[in-house]
Every structure is written in C-alpha cells, then in structure tokens.
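J.: Structure below; questions to follow.
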Amino acid sequence: MKSKLLVITVFVLTVILIAFFMLLPEPSLKLDADKKTDELSQEYKGSFIIRNVQVYDGHFRHKKADVKIIDNKISVIAEKLPEQSKSIGQSKLPELDAAGKTLLPGLIDSHTHAYQNALSEALNFGVTTELDMFTMPSFANPHQQQRKSLENTSAADLFSATILATAPQGHGTQYGFDIPVLHSVEQIPQFVADRIKQGADYIKAVYNSKNAKRQHFPSISAEILKALIDSAHQQDRVLVVHVDNLVSAREAITLGANGIIHSFVDQVVDKEFVELMLSRKSFIIPTLSVKASMTQQSESEQLLKSNSNEPYLSKQQHQQLTARFPGFGISSKTLQTEALQNAFRSVELLSGAKVPVLSGSDAPNPGTTHGLSLHGELELLVRAGLTNEQALHSATGAVGHHFPIGSRGTLSVGSSASMILVDGNPFESISSTQKIVRIWKNGVQFERTQFGAPDMHAQKFKPGLITDFNRHLNQTNMGKGLGETTDKLAGGKSTVKIALVEHEHTANVKARNEDTNQYLKVRGELKPGFMFPWSGIAYLLGETQQNGVNLSAVNSIVFKAKASAQTKQLSVLLFQTGSFRPIQKDVELSEQWQTYHLKLSELKDVDLTDISNISFVKTRTIGEFEFMLDDLYFE
Amino acid sequence: MKTIIDDKPNLLNIFILEAKTETMRLFRTPGFSIPTLLFPIMFYTFFGIVFSMNPTTMPTYLMITYAVFGVIGPALFSFGVGIAIERGQGWFDLKEVSPMPASAYIVSRISLTFIFASLIILFLFTIGATFGDVRLMRWQWISLALIFVLGSLPFCAIGMTLGLYLKANSAPATVNLIYLPMSFLSGLWLPINVLPEVMQQFANLLPPYHLAQLALKITNMDLGFPIALHLSVLAAYSLLFIFLAVKAYHKKDKQ
C-alpha cells in the first residue's frame, strides 16, 4: 500500500514538474529566412563593432580590420579587437560581421549647388558632406547650423560659399537670383565681409581672363580677382575660382587662388601649369561629370541603370540625371569629343604629378544629381587616370587638407562615425562604391529612401465634372477638393481670399441649377518675397500630397473663367507627385466669362500618370489681382 | 500488522520516513521555511524585475544568481543550523543510537534541501517567465534546474561541518553571517562585474561564485572561464568540508 502511494506521489510530482518545464516560455523561434532579414534590419546605432571589414580611413587602406564605434564616434580601428567580455550590467555591443565588404568614410562632394532636398538626396547615396559652391544664404544657414550637431543624421552636412563673386551679367547671374555683383576693386573688402557675415565657409569667384579665347560672359577683372583673393585670405577664408579654360586658371593660381573648379576643355594642361599648381600647393576640382554632360557625352543614364541605383532616386533626380545641356557653342561631335578628352588628359597629368584632386559633381546641373553623381565622378576620375585609391582619397581624406571641414572624410579616432559600408572592393572596381549596404551618419544608421517605380495603383481619373462650385470647395466629384495656395508655403508674402459667389442672372449666364448657381471668386495680392511669387487656388487630386492620380484618360482640363481688367493672365500649374517644379501653362483671360480648354497633350515633359495637384494661380506680376472660375471639368 | 521489528529493516522505508518527518518539521518551522523561500523571491522581484538596470538581460541574469542564492540557503540552514540545534537538544545523539543508519540522516536532509531548492527554483522561474519576460530554450530551463539542485550539494557539506562545529544558540547568527556576505561577494545579488575589481578577484575564492558561473554558462552570460575550473573548485570545497565534517564527527565522539 505504502509503496503504491509512494509511486503515485512520485508519478504526480514528475508529471507536475514536466508540465512546469513544458510551460516555461521559450524564445520565439524564427525560420532561417526570417533570421536573415532580421540580421539585415538589425540596427547598428550609437555604439557598435564592425568586424573583419576592409577599411579605407580616408588616407590608408586596412585590408582587414575591426572598427569600434562608441557614442557615435570612431573609438578604435584595430587589426583585431578582442572578444567582448560577456558583461551584463552594460550589455554587449552589437557586432556586425562585414567580411568581404569595405568601410569607407562618408563621401564628400566638393562641388554642388544645394537647395531643396539636396542634402537628404546626397545622404541617400552615402555622400555625408557637401561643399556647396553657390546657393542662397537662406538655404545654407540653417543647414550650416545643423552640421554642428551630432543629431544631424538624416541629411548630409553642408558647407557653403553662399553667394558667388561674379561680374554684372556674369556667370551665376543667369539663375534669377538677385545677387550682389562686382564692379570695382573698392567693393571687395565689404563684399567679402558680407559673405562671411552671411555664413560663407569659403569664397567662390567666377573668372574668365581677358586673354581667353572665349569671352562668353562678362567676368570680373584680374584686379578684382586679386583683391578678392587677398581679402578672403585676410579673413582666413579659402578662395576657389570657377574657370573653364587654362589661361584663366593660370592667372587665377598666379594671383593666389587656393584652388580651381572645373577641368579644361580648351586645351590640355602644360608642364608649366602643373609646376605652378605644385609650387602653390593648389588643388583642382575637375567636375568631369558636368564636363561630360556639357559636351553631350554624359553617361548618367548608364549610371542610373547600374548597380540598382534607380530605386533610390526621386523622380526629380531622375529628371536631373536625364536632362541635357543645350549645345554650348561646341556643336561638332569631334570637337565635343576632343573637349572632353582635354579635360580627362588634364586631370591625368595633374594627378600624375601629385597635384591634389578633389571630386565634385556640380550637381544638380543637367546630367547630374546629388549623391549618385559623386559615384559617377569617381568612375570618371579613375577613367582619367587616377588610381582607385586616389579617387577614393579625392572624395574623402583629401578634402580636409584644403577646406575647413574638420575630420569629415576620415575614419580617425574621435571623428564622428559618418561612413558607408559597400559590398566588394572599390580598390579593384571603383563602381563598388555604389553597392551600398549601409550608411551611417554621425553613428546613426540611415535608412535609405526607396522611391520605387511609378505607382501603378494610382487612382485613375475619368473625364467628368470636377465641380460646378455650387457645393462646398472641399466637395469635388473626384479628388480631395480645392483650397487656397500662396507662396507663403515657400516663405513668400502673397495673400489670397476666396469666396463662392452667386451668379447675377444676366442673359449670358444660364443657370444650370434652380437653387444655387455659384462661381468661385479669387482675389489677392502678389507681393515680392519669394523668387517665384504665386497666389490662387489649388485642386488636390490624391488622398495626400504624396499620392498622385493617373490622368492618362483625360484629354483636357476645361473651365470657365474671367478676370478683372488688370489681371489678364492666369497660370495653370500641374504638379507631379514629389516634385516642386510644376509644369506651367498660362491662359489669357478676358473680362467676360469664357470657356477654356487646356489640352494636356500640349504640355511637355509631364508624366500624366502621377499628378498630385493642379493649381490655378496668378504668377509673375506683382500687385492685386482678381479672377473668377466656374464649372471645372476633365474632358 | 507489520511492524518494523518483524521485518527485515527496509532501508528505503526508513529513508522515506526520516525525510518525511524532517520535511514536515521544517515546514512547521516558519522561522526556517519562510525566509529561505521568501528572500530570494523578494530580492529577485526587486532587483531583477522592478528596479532592473537593463530589462533585456537583467531578469535572466538575476533569476540565475538568485536561484543560486536560493538553493544554498536551505543547504546551509537545514544542515548547519539544523544539526547544531539537534546537537544542543541531544536529539542528534538519540538518533545516533537508534537503529536508523547514519546515511538516512544525511540523505533525508539532502532530499529536504532538494525539495526546498526545487520549490525556490519553481517560484523564481515562474516569476522570471511571467514578470521578467525571461525566454529560454527548454534545455536551458531544465539544465539550469538540474545545476541548481545538484549545485546545493557542496553547500550541504559546508552546512554539515558548520553544524558539527557551531553551538546551538550561536548557529543561526553565524550561518547568516557567512551566508549573506558570501552571497553578495559572489555576485548573487548584483552582477559580479558591477563590483570593484578587487572584490571580483576575491569572488574566485567563494564557492557560490563558481556555481553561479556554471549556471550562467547555460545562457552564455558568464565571464568566460573554463567549466573545469568551476567544477574543480566546487569539488575541492566539497571534499574539504566532508573531510572537516568527518573529523568533527569523530572528535565529538571522543568527547
């Protein structure tokens, strides 16, 4: 009896114990496939270790090394870091095994023009620093502030020349900005002081010598350039000169410029010039990408298609890359080929003689875009004769020797961990820099933005009435409705007031509805403040600004309109999703109601499958305006 | 009706009977059962879960170290304090002259330790899993439980020696004076690596440190010393204290 009881007790206890241990929770198991994506999505941020990676630190190559990042800064680069002791109070640093990959400093594009999304576009391709060579201080200053913070992790750091120094009607004035220009030597100290006050990290001048063959734009004189150089140096600023021929470059360097921008298409550098560059310790930013584009030999489309770069480019960047320069005077193919060869050969001779070369893309000029074009520039520099290591150096460690950018472009102890991990070996194939695996900005991993193919699921709009203005403005038969729009969005000062107004029952207006018959009255004032002032009404098509709709089934936009005597012109703007540059079509209005047909097929360069906004606005002429709209249709 | 006298002595029966009575006695002694069961659970809940320094690893780490703390308690107390008190009351001598083999005495106390150890483990595991989000593979849970239960054996030896040397009235205080500081210095209350370097070095001399390191190996949270080192230290301590206990036992006989 007793032993039976014992057996039962033991049995029951065993069952309870087994049940208990079966109930204890296990870590949720993942399939191997999941594990893999897990590994990829693991975030390496702040403090972590990268092991077994080839490192180029901006100056030297380490074939296999371990890199430790502590608190967003490089802490150790060693051939082999010891295993982490398994301590608990502070948990182990995450480790990334990056065998077969290469870690590079975040790249530096030494020649861009930064505005709009430039800096996030740059970072999307691992360009963590941009040296801007002409933008407005209003854009540059906030970003120059942000670069001081380690928290600036979603955009590249910006250094800027702000407004360039050029002659009246000279190069740089053609973009529509109201910029100060230089007439005389007396202006110079004040001009340089103003630039520095407005945040210029260095000074950029545009120069074309009187002795140059081509006199295609007015230029500052050699005396003014000399005064600029002296004044800049007095204020401890580097001065770089935009030139496009050897004669001008020679003069600029002789006068004391620190560096020149653009390689030469007119002739190949001579020995004398190379010697001059060496003796003055001057550098060159050849910008071969833009030179290729100007001479109609851009390979930006191949660049766009290769190495799965495309998904990471916005629609606008696409347009920038596929855009082309107009002829630029050199029309014959042979001359064009020769011109680019001169530029390449010059780079080869200069770099061969150890003249410092910095890589710059001149984005977003036609055929170039922020970020990706710097990778293209590296390819071109290698083709011109730089070794792969020299090319990498030109976009990393070399820049800090000439511009005041701190430790950017290097992976040295204490420098902020802005770096890119690429697949493969850029020392063997320079295009490996495009095989980006991860990007870190100041030690924080940057999630690359994928733009993807045009949205095939975009809602398709069919012809029909949009609104007859007899209902509230946000109730349209399709789309999200109408609303005010002015340049206040972009920092302007224009105003607008809209109202639905009852038609007077005059003979020439037929009431289509017994109860209400309203039209839309838009009045306001265009005021100076933004470069392109606008004011009026916007018709939002998609659910959000990011969702466009497909208008390929629509032939025309039809509307009735009239305007006050002084208004006359109405602009219809079509916005493609994600783009800030609308397609503009102007319509002449009269003081009487008239129906207008705007044929979409007549609009150039517009992708009708992805339109987010159609705006009816007054542009250009400063002053008060008033226009009326009724019966808006798609036909 | 069977009596013990009629039968050939049934060793198993004796063992079970002794273990059962001892267990019942201990459970009826709240002065023993409540602190030994409650302290590890309470401390673990405070330091491991409520005021955890690192919610991802701390609950697991401290669940293991407090389990070690938990299982060595009953070993030290049931042997150390128990024997000392029984010696004081003369109960020990009475048992010695009874026909019960001495082994039954030891085995019953060991099984008693095991039972308490298991209870503590069950409680800690339950709290860790429910409130501390501790997630371990099944083999890890089971190996940990086995290590804890078997790991109490060296402390039984230590307890036995203490019990044979200490006086009844001073035993509880003395055992506590050994138990609590030793646990702290072995890194059972707080992770060993938050202690100063000197104390970490000193911990090498303490057996609970080695038991904890063995257990932490299961979850890959140990300091990375070889298993053999920990095992041999524990074995050495066991042998040393068994030797001391035997010596003390015989010395007592001569008195």
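J.: For the stretch B:87-180, please list each of the helices (runs of 4 or more DSSP H) lying entirely inside it that holds at least 2 residues being within 13 Å of the chain's Cα centre (by Cα).
T.: B:102-131, B:138-151, B:153-165
J.: Between B:T65, B:T60, B:T36, which is away from chain A (no Cβ under 14 Å), part of a helix (DSSP H, G or I) and either of a type in the set (S, T, N, Q) or surrounded by fewer than 18 Cβ atoms within 10 Å (Cβ to Cβ) (or both)?
T.: Values: B:T65 fails: away from chain A (no Cβ under 14 Å); B:T60 fails: away from chain A (no Cβ under 14 Å).
The match here is B:T36.
J.: Same structure, new question: Which residues, taken from the stretch B:110-129, are crowded, with 23+ Cβ neighbours inside 10 Å and more than 10 Å from chain A (Cβ to nearest Cβ)?
T.: B:L112, B:T113, B:F116, B:A117, B:I120, B:L124
J.: Let me confirm something: among B:L153, B:L162, B:L177, which residue is over 27 Å from B:L231 (Cβ atoms) and more than 14 Å from chain A (Cβ to nearest Cβ)?
T.: B:L177
J.: I've got another one for you. With the requirement that a residue be in a helix (DSSP H, G or I) and either surrounded by 21 or more Cβ atoms within 10 Å (Cβ to Cβ) or of a type in the set (S, T, N, Q) (or both), what does the stretch A:370-388 give you?
T.: Those that are in a helix (DSSP H, G or I) and either surrounded by 21 or more Cβ atoms within 10 Å (Cβ to Cβ) or of a type in the set (S, T, N, Q) (or both): A:L372, A:S373, A:L374, A:H375, A:G376, A:E377, A:L378, A:E379, A:L380, A:L381, A:A384, A:N388.
J.: Return the residues of the stretch A:595-616 that are exposed (fewer than 14 other Cβ atoms within 10 Å of the Cβ), touching a strand residue (DSSP E or B) at 6+ places or on another chain (Cβ under 7 Å) and among the polar types (S, T, N, Q); say none if nothing qualifies.
T.: Scanning the stretch A:595-616 gives a single hit, A:T595.
J.: Right, another one. Based on what the data block shows, is A:E121 part of a helix (DSSP H, G or I), of a type in the set (D, E, K, R) and either on the phi > 0 side of the Ramachandran plot or in contact (Cβ under 8 Å) with a residue 40 or more places away in the chain (or both)?
T.: Answer is yes for this residue.
J.: Being in contact with a Phe, Trp or Tyr (Cβ under 7 Å, 6 or more places away or on another chain) and not in a loop (DSSP other than H, G, I, E, B) is the filter here; which residues of the stretch A:164-212 pass it?
T.: Matches in the stretch A:164-212: A:A165, A:K204.
J.: I need a count of the residues in the stretch A:123-146 that are buried (at least 22 other Cβ atoms within 10 Å of the Cβ) and either at pLDDT below 90 or charged (D, E, K, R) (or both).
T.: Within the stretch A:123-146, residues that are buried (at least 22 other Cβ atoms within 10 Å of the Cβ) and either at pLDDT below 90 or charged (D, E, K, R) (or both) number 2.
J.: In addition: Take the residues in the stretch A:148-163 that are assigned to a loop (DSSP other than H, G, I, E, B) and buried (at least 23 other Cβ atoms within 10 Å of the Cβ), then tell me which one is farthest from the chain's Cα centre (by Cα).
T.: Looking at the filtered set, the residue picked out is A:I163.
J.: To continue, here is another question. Regarding the stretch A:140-156, can at least one residue be identified that is in the same structural domain as A:V290 (by TED's automatic domain parsing), more than 28 Å from A:I74 (Cα to Cα) and not basic (K, R)?
T.: no
Quick grid of which residues meet (1) over 32 Å from the mean Cα position of the chain (by Cα); (2) closer than 18 Å to A:A417 by Cβ; (3) at pLDDT 90 or above:
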site	(1), (2), (3)
A:L31	yes, no, no
A:S41	no, no, no
A:A65	yes, yes, yes
A:K73	no, yes, yes
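J.: While we're looking at this one, here's another question. Considering only residues that are surrounded by 19 or more Cβ atoms within 10 Å (Cβ to Cβ) and either assigned to a loop (DSSP other than H, G, I, E, B) or more than 13 Å from chain A (Cβ to nearest Cβ) (or both), which ones fall in the stretch B:196-213? I'd like the intermediate steps shown before the answer.
T.: Initially, the stretch B:196-213 is screened for residues surrounded by 19 or more Cβ atoms within 10 Å (Cβ to Cβ), giving B:203, B:206-213.
Selection gives B:A203, B:L206, B:P207, B:P208, B:Y209, B:H210, B:L211.
The values are calculated or read from the model by the stated rules, or taken from the named source; none is laboratory data. Remember, it's a predicted structure, so these values are computed and weren't measured experimentally. Using ideal geometry, Cβ is built from the backbone for each residue, glycine included, and neighbour counts are taken over all protein chains shown.
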